[in-house]
1. Please find, among VAL21, VAL60, VAL54, the residue that is in a strand (DSSP E or B) and surrounded by 14 or more Cβ atoms within 10 Å (Cβ to Cβ).
2. Consider ARG72 carefully, then state whether it is farther than 30 Å from ASP154 by Cβ, of a type in the set (D, E, K, R) and in contact (Cβ under 8 Å) with a residue 24 or more places away in the chain.
3. For residues that are assigned to a loop (DSSP other than H, G, I, E, B) and either in contact with a Phe, Trp or Tyr (Cβ under 9 Å, 6 or more places away or on another chain) or under 14 Å from ILE102 (Cα atoms) (or both), tally how many sit in segment 136-151.
4. Just to verify a result, which residue in segment 75-96, among those that are closer than 21 Å to LEU157 by Cβ and exposed (fewer than 12 other Cβ atoms within 10 Å of the Cβ), is farthest from the chain's Cα centre (by Cα)?
5. Only one of these is over 13 Å from the mean Cα position of the chain (by Cα), closer than 22 Å to LYS162 by Cα and open to solvent by 20 Å² or more (accessible area, probe 1.4 Å): THR101, THR116. Name it.
6. Where in segment 65-135 are there strands (runs of 3 or more DSSP E), lying wholly inside it, with at least 3 residues that are closer than 17 Å to ARG147 by Cα?
Amino acid sequence: MTVRPILRWPDKRLRTAAAPVDEITDEVRTHWQDMIDTMEAMPGVGLAAPQVGVMLRLAVVDASNERGHAVRMANPEVLHASVEFRDHDEASPCLPGVHATISRPRAVTVRYLDETGSVVERDFVKLWATSVQHQIDHLAGKMYFDRLSKVKRDMLLRRAKKSR
């Protein structure tokens, strides 16, 4: 079990788009396992590779109640999003001590490479959909608070500085 250190905001890597993964290798599988171990230790329902300093388009998500059902994704992209939105309180271990309600599509269809290197298209709903979208934002160099108005974002970042 390898728990990786989490990058803290405002580390510039959190604002940098991750590089695509060309193929699924043992190194990629090791990154995924480290990410799952780190996610479980937080605890959390998802983690993107840039959050642990790996600048590859890799993410893991496990929003199951019983845990142990992590989905490993390379190069995830949203193909379709529902017109119905869902509000959810989001946070990130990169910016501890603060959270915000974010509105995202309730369901998404995502295409990604799985651990075997196969292209998968899968539907995610509710918390799974929220977490997948949150991780895809991280892979693009975005944080959840980027979805807030400037006023709300500035308030959140001020609170984060005070909680350090």
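The values are calculated or read from the model by the stated rules, or taken from the named source; none is laboratory data. What you are looking at is a predicted structure, and each value in this text was computed from that prediction instead of being measured. Here Cβ is always computed from backbone atoms with ideal geometry, including for glycine, and neighbour counts include all displayed protein chains. Only protein heavy atoms, including side chains, enter the accessible area calculation; ligands, DNA and RNA are left aside. Shrake-Rupley method; radii C 1.70, N 1.55, O 1.52, S 1.80 Å.
1. Working: VAL21 fails: in a strand (DSSP E or B); VAL54 fails: in a strand (DSSP E or B).
So the residue among VAL21, VAL60, VAL54 that is in a strand (DSSP E or B) and surrounded by 14 or more Cβ atoms within 10 Å (Cβ to Cβ) is VAL60.
2. On the way: farther than 30 Å from ASP154 by Cβ: yes; of a type in the set (D, E, K, R): yes; in contact (Cβ under 8 Å) with a residue 24 or more places away in the chain: yes.
Considered against the rule, which asks whether it is farther than 30 Å from ASP154 by Cβ, of a type in the set (D, E, K, R) and in contact (Cβ under 8 Å) with a residue 24 or more places away in the chain, ARG72 comes out as yes.
3. First pass over segment 136-151, keeping only residues assigned to a loop (DSSP other than H, G, I, E, B): 140-143, 148-149.
With either in contact with a Phe, Trp or Tyr (Cβ under 9 Å, 6 or more places away or on another chain) or under 14 Å from ILE102 (Cα atoms) (or both) added as a condition, the list becomes 142-143, 148-149.
Residues meeting the conditions: 4.
4. Taking segment 75-96 and keeping what is closer than 21 Å to LEU157 by Cβ, we get 87-96.
Going one step further and asking which of them are exposed (fewer than 12 other Cβ atoms within 10 Å of the Cβ), we end up with 87, 89.
Working: ASP87: 17, ASP89: 14 Å.
Taking the candidates together, the pick is ASP87.
5. Details: THR116 fails: closer than 22 Å to LYS162 by Cα.
Every option except THR101 fails the conditions.
6. Details: elements: 71-81, 85-90, 100-105, 107-113, 119-125.
Correct list: 85-90, 100-105.
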